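> First the structure, which I've put down as structure tokens, then a few questions once you've had a look.
None of the figures in this text is laboratory data; all of them are computed from the coordinates on show. Keep in mind the model is a prediction, meaning the values are calculated, not measured. As a convention, Cβ positions derive from the backbone with ideal geometry for all residues, glycine included, and neighbour counts pool all protein chains shown.
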Amino acid sequence: MFVKRLGIDPHANGAQSAGCQGCPDIWELDNGDFAIIGLDLSELISKLPPSANCGPDERMVRVPRNVLVAAKRDIPDHV
């Protein structure tokens, strides 16, 4: 299911997350989709622009800029 991490390991070089919990992360799945680990921002769904919404089985998460920028080199340029 999980094929590879995009970007760097959030625990590289002994780094620890706040409260020793999980860290934001991006993973490529075996079907080509991506799994995102981030802080749940679902309480902000009501503030989305009218053209955006989350379905009942979706959640909105925050991914820190540095995590997405570090993953950029691993994100394919094509579909």
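> Which whole-number percent is the relative contact order of region 34-79 (Cα, under 8 Å, 6+ apart)?
43 percent
> Another question, if that's okay. Please identify every one of the trypsin sites (Lys or Arg not before Pro) in region 18-75 that sits in a loop by DSSP and has no more than 13 other beta carbons within 10 Å of its own beta carbon.
Answer in residue order: 59.
> Cα-based Rg of the chain per 2.2 N^0.38 Å, rounded to two decimals?
1.23
> Considering only 49, 64, 24, give the residue with the highest GNM mean-square fluctuation for the chain, with springs between Cα atoms whenever their separation is below 10 Å.
Highest fluctuation of the listed residues: 49.
> Let me ask another. Determine the relative contact order of the chain: mean sequence separation of Cα pairs under 8 Å and six or more apart, normalised by residue count, in whole percent.
Computed value for the chain: 34 percent relative contact order.
> While we're here: Taking N as the number of residues in region 37-79, what is its alpha-carbon radius of gyration divided by 2.2 N^0.38 Å?
Normalised by 2.2 N^0.38 Å, the Cα Rg of region 37-79 equals 1.42.
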